[in-house]
Amino acid sequence: MRTMTPVMSCYLAEWYRPHLTQQVVDGFFAALDAAVRTASGPDRSLRLLVTLAVPTDEVLYGVFTADHADDVLQVCQQAGVPVERLSTDVGARIDREAQNGPPEPTRK
């Protein structure tokens, strides 16, 4: 049986970028990860839980936990990727089995 972990106090950040290539996506999320690691500490609950790229819609998403929305806005600004839209009170459920990544596709 899969165990789903409910996560409270989540924020959904959105960025709109035309011409998303794998290189652009990798650089974007690497900068964001580095800023979150720098900003995180024992006295802050800021975490980047999930990142998603949807190149066909020209959009990137990040799901964060944080004490305040301002913490998310600030860390994104520090990463050089200011948030274009931030949704608060987002409900997120992270599948613990899925944390290891999607299964490898089968090849015929």
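The values are calculated or read from the model by the stated rules, or taken from the named source; none is laboratory data. Since the structure is predicted, the reported quantities are computational estimates derived from the model, not experimental observations. Here the Cβ is made from the backbone with ideal geometry for all residues, glycine too, and neighbour counts use every protein chain on show.
Residues in region 9-67 that are of a type in the set (Asp, Glu) and at pLDDT below 90 were compared, and the one that is surrounded by the fewest Cβ atoms within 10 Å (Cβ to Cβ) is 43. Contact map, region 22-33: first residue under 10 Å from residue 62 (Cβ atoms), second residue in a helix (DSSP H, G or I), Cβ cut-off under 8 Å, separation 6 or more or different chains; pairs are 32/75; 32/76. Residue count for region 23-67 satisfying the condition of being of a type in the set (A, V, I, L, M, F, W, C) and not in a strand (DSSP E or B): 13.
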